[in-house]
Amino acid sequence: MAKKNKQTSVAGKRHSGGAVGKNKGASIREPDALSEARQRLLQATSAQEIAAAAKQMLHIDPACVDAWRCLAPLQLDAGKSEEALISFSRALRIEPDDEKLLEHYILHALTQEYYFDALCAARHWVDVAKEKPVTATKLLAGLYGLLGKPVLSAEWGLASASIQPLASSDASEKPRLSVLVLGTQDNVPYHYDHSQRQVMINEGHNNLMHMVDRGSISIHSLSVDAAQEQPEVLKQLPEIDVVYNSITDAGRCEEALKKAKKICNKLKLPVINPPQEVLRTTRAENAERLGECEGLLMPKSVSLGRVKGDISQPVREAIANNGMKAPVIVRPSGYQNGRHMYLIDKPESTPVSISDEAEVYVLQYHDVTFTDARAPGHRFHPKYRAFMVGGKLYPAHLRMGHDGDWNVHGEETRKAFRKFPWLYDAEKDFIENPAAHFESDAWENLEKALQILDLDYFGVDFAVCTEEENAGKVVVFETNASMRSFLRQTYQNTPENDAALDIVLAAHRMFCKRAGVSEWDFEPPRGLEGPAQEHDFEADPADPTVTHVLFSGDLQGHGFREWLWHELHKHNLKGWLRNLADGRVEAVVAGSKAAVEHLLKDPKGPEGASIENVDRERWTGAVPQGVRVHETVDEPVGVTTETAEA
């Protein structure tokens, strides 16, 4: 800190502060007392000495920018975020064009969720930026996206691309592969992700390039929009092994894909996900190309074109003129995660409107719901996801809604899995052996059909139809290259995380093959860390500790089994668990002694639950080989009973 102060402060300098007046550049001679305090600040070696000197300077001159600048980081270190933000703000009022101050202020305003303050400061930063103009402009675009201004976000995104059409990130270790990544900012808003503190593009692209081996792969990101305006940038490209077209939305990004196609034609290099093939993955063309494939059921899809406002009558006409029947789904193109998607049961009496102009599709709804004896009176709405990588289909995850939750995404799945944690077993079965998970040849039929699309990396959401006339057929909800991996958002050691790792490694092998380079081993980015990673608990020890556990207290009805399922995975443990009729929860856990002790020493349970007792004994029955949720029983099993339930 003292070194930093020496760079920004000079003892005995001319003093410009708030007391001088409004004339730009006006100054007075710095008071001797202030110069002495500044010298103490320069010589300070501890946080306490720096704080004392800064406060003395402010006592002499409350508008001393160097003092506010030095005080803010100390306040942050002390956990006084609000005070630090005020200090940065006061320093900025004195030196509003200081880029470092602006950046610090914006980042800490975002930490405090003062988004409008951060936006206004970022807007000024863009005007004065000399050191980091691209960073400032991208951040402004991200903040506009965060605050629900997609048009402004996309425009500022384009502005950032015009400043830097080509951005290179060299391999941090031994370079083995050079990849040119084609992207677009046209009609695609940025978004500031508060949790990761990053500016990201969530629409029109996938996130594959965030998971490649950055130690051995040099990534050169090219804006196809800027390249069209500045064609000379293509002459500045380094040696490239393979091109990855990361523009994925055939509807929203049609013009950008055409630009990308021209670039690929000029470069004459191997291309992963060729733009001309992505252009053919509109809903209508997917339905036409896959509709005749054996065992598939492609929902009829009718485009209303680009529309806005009340579209009730066009929806009714699309249903009547195309042999469709209620219920139908209405959704605009270009949005992910089920946003702006509606199920219309009674189109003749249901008003339908869209606020922003977009291409809108009417889709035939097909029933894929099912019942299960473990949940009498409930219906489940599944949505499976898989990825095609290099012509092979890989399972990714299972999402599930229940009792009317047909638009299945994260929140619906959390509710269903919390209430019915045996659904985790269904997901595990799907991931470990997808072909055997379905009664018909659904998996084989799906893989064969998707090979028609001629893409190298893309996702598919699907389920098996339960309508009598179409029973056993695969209903393809959506298939495109925009689907994203949740590798970083899932806990390590869970089936979903393991599946995501397999997909990333398959993509790695595909890149090497297409580029004509030898494969090499690498550790992909891992998921969220739990106690197993924090304490280095051994996985699958040769001589595991196996314990039978009875939890008692206010447990059932609070998601206790789901919590315990997650905790077993977070601790690198195996086991099974189930509810007992008297309100207790029974489990057998197996793994390293340290992990078992850590889990059972003082378990907290999920929110709303309270654990009164944890009774445990050594288990001499079969050792669990996975993590399973069993059905409720009346009495716990005897601890010495050999059981096949493991």
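The values are calculated or read from the model by the stated rules, or taken from the named source; none is laboratory data. Treat the numbers as computed from the prediction; the structure is a model and nothing was measured. Counting neighbours? That spans all protein chains shown, and the Cβs are built from the backbone with ideal geometry, glycine included. Heavy atoms of the whole protein, side chains included, go into the accessibility calculation; ligands, DNA and RNA do not. Shrake-Rupley method; radii C 1.70, N 1.55, O 1.52, S 1.80 Å.
Results for (1) open to solvent by 20 Å² or more (accessible area, probe 1.4 Å); (2) over 30 Å from residue 109 (Cβ atoms); (3) not polar (S, T, N, Q), shown as yes or no for each residue.
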| site | (1), (2), (3) |
| --- | --- |
| 188 | no, no, yes |
| 199 | yes, no, yes |
| 202 | yes, no, no |
| 210 | yes, no, yes |
| 216 | no, yes, no |
| 221 | yes, no, no |
| 230 | yes, yes, no |
| 258 | yes, yes, yes |
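Within region 617-630, the residues that satisfy the criterion of being surrounded by 16 or more Cβ atoms within 10 Å (Cβ to Cβ) and either assigned to a strand (DSSP E or B) or among the acidic types (Asp, Glu) (or both) are 627, 628, 629. Per the conditions (1) modelled with pLDDT of 90 or more; (2) open to solvent by 70 Å² or more (accessible area, probe 1.4 Å); (3) farther than 24 Å from residue 85 by Cβ; (4) of a type in the set (S, T, N, Q), the sole criterion not satisfied by residue 48 is (3).
Among the residues of region 104-159, which ones are under 21 Å from residue 68 (Cα atoms) and not in a helix (DSSP H, G or I)? The answer is 112, 114. Screening region 529-553 for residues that are outside any loop (DSSP other than H, G, I, E, B) and open to solvent by 70 Å² or more (accessible area, probe 1.4 Å) and picking the one that is nearest to residue 590 (Cα to Cα) gives 535. Taken over region 457-479, the criterion of being hydroxyl-bearing (Ser, Thr, Tyr) and open to solvent by less than 50 Å² (accessible area, probe 1.4 Å) is satisfied by 457, 479. Selection over region 406-456 of residues that are open to solvent by 40 Å² or more (accessible area, probe 1.4 Å), free of Cβ contacts under 8 Å to residues at least 60 places away in the same chain and not in a helix (DSSP H, G or I) gives a count of 2.
Based on what the data block shows, is residue 134 out of contact with any Asp or Glu (no Cβ under 8 Å at 6 or more places or on another chain), open to solvent by less than 70 Å² (accessible area, probe 1.4 Å), of a type in the set (A, V, I, L, M, F, W, C) and not assigned by the TED database to the domain that holds residue 233?
Values: out of contact with any Asp or Glu (no Cβ under 8 Å at 6 or more places or on another chain): yes; open to solvent by less than 70 Å² (accessible area, probe 1.4 Å): yes; of a type in the set (A, V, I, L, M, F, W, C): yes; not assigned by the TED database to the domain that holds residue 233: yes.
When the stated conditions are applied, residue 134 passes them.
Does region 584-607 hold any residues that are closer than 17 Å to residue 418 by Cα, outside any strand (DSSP E or B) and open to solvent by less than 50 Å² (accessible area, probe 1.4 Å), and which are they? 605, 606 - these are the residues of region 584-607 that are closer than 17 Å to residue 418 by Cα, outside any strand (DSSP E or B) and open to solvent by less than 50 Å² (accessible area, probe 1.4 Å). Within region 160-186, the set of residues being in a strand (DSSP E or B) and either polar (S, T, N, Q) or closer than 25 Å to residue 110 by Cα (or both) comprises 168, 169, 178.
Select from region 192-235 the residues that are in a strand (DSSP E or B), in contact with a helix residue (DSSP H, G or I) (Cβ under 9 Å, 6 or more places away or on another chain) and more than 29 Å from residue 332 (Cβ to Cβ) and list them in ascending order.
Taking region 192-235 and keeping what is in a strand (DSSP E or B), we get 192-193, 198-201, 205, 217-223.
Applying the additional criterion that residues be in contact with a helix residue (DSSP H, G or I) (Cβ under 9 Å, 6 or more places away or on another chain) yields 192-193, 198-201, 217, 219, 221-223.
Correct list: 217, 219.
For region 99-126, the tally of residues that are under 12 Å from residue 84 (Cα atoms) and in contact (Cβ under 8 Å) with a residue 40 or more places away in the chain stands at 1. Have a look at 293, 264 and point out the one that is within 29 Å of the chain's Cα centre (by Cα) and either open to solvent by less than 30 Å² (accessible area, probe 1.4 Å) or under 13 Å from residue 481 (Cβ atoms) (or both). Exactly one residue qualifies, and that residue is 264. Of everything in region 271-290 that is touching a helix residue (DSSP H, G or I) at 6+ places or on another chain (Cβ under 6 Å) and open to solvent by 30 Å² or more (accessible area, probe 1.4 Å), the residue that is modelled with the lowest pLDDT is 289. Of the residues 379, 339, 331, the single one that is open to solvent by less than 50 Å² (accessible area, probe 1.4 Å) and of a type in the set (D, E, K, R) is 331. Of the residues making up region 478-522, those that are within 16 Å of residue 177 (Cα to Cα) and either among the hydroxyl-bearing types (Ser, Thr, Tyr) or not in a helix (DSSP H, G or I) (or both) are 516, 517, 518, 519, 520, 521, 522. Determine if region 330-340 includes at least one residue that is at pLDDT 90 or above and assigned to a loop (DSSP other than H, G, I, E, B). Taking every residue of region 330-340 in turn, none turns out to be at pLDDT 90 or above and assigned to a loop (DSSP other than H, G, I, E, B). Restricting attention to region 575-588, the residues being in contact (Cβ under 8 Å) with a residue 40 or more places away in the chain and touching a helix residue (DSSP H, G or I) at 6+ places or on another chain (Cβ under 6 Å) number 2.
Do we have residue 216 as assigned by the TED database to the domain that holds residue 237 and either more than 25 Å from residue 102 (Cβ to Cβ) or of a type in the set (D, E, K, R) (or both) here?
Values: assigned by the TED database to the domain that holds residue 237: yes; either more than 25 Å from residue 102 (Cβ to Cβ) or of a type in the set (D, E, K, R) (or both): yes.
Against the criterion (assigned by the TED database to the domain that holds residue 237 and either more than 25 Å from residue 102 (Cβ to Cβ) or of a type in the set (D, E, K, R) (or both)), residue 216 qualifies.
Kindly indicate which of 339, 306, 331, 283 is out of contact with any Pro (no Cβ under 6 Å at 6 or more places or on another chain), closer than 16 Å to residue 252 by Cα and either of a type in the set (Phe, Trp, Tyr) or without any contact (Cβ under 8 Å) to a residue 12 or more places away in the chain (or both).
Numbers: 306 fails: either of a type in the set (Phe, Trp, Tyr) or without any contact (Cβ under 8 Å) to a residue 12 or more places away in the chain (or both); 331 fails: either of a type in the set (Phe, Trp, Tyr) or without any contact (Cβ under 8 Å) to a residue 12 or more places away in the chain (or both); 283 fails: either of a type in the set (Phe, Trp, Tyr) or without any contact (Cβ under 8 Å) to a residue 12 or more places away in the chain (or both).
Result: 339 is the single residue among 339, 306, 331, 283 that is out of contact with any Pro (no Cβ under 6 Å at 6 or more places or on another chain), closer than 16 Å to residue 252 by Cα and either of a type in the set (Phe, Trp, Tyr) or without any contact (Cβ under 8 Å) to a residue 12 or more places away in the chain (or both).
In a residue-by-residue description of region 556-567, the property of being within 19 Å of residue 416 (Cβ to Cβ), assigned to a loop (DSSP other than H, G, I, E, B) and touching a helix residue (DSSP H, G or I) at 6+ places or on another chain (Cβ under 6 Å) applies to at least one position.
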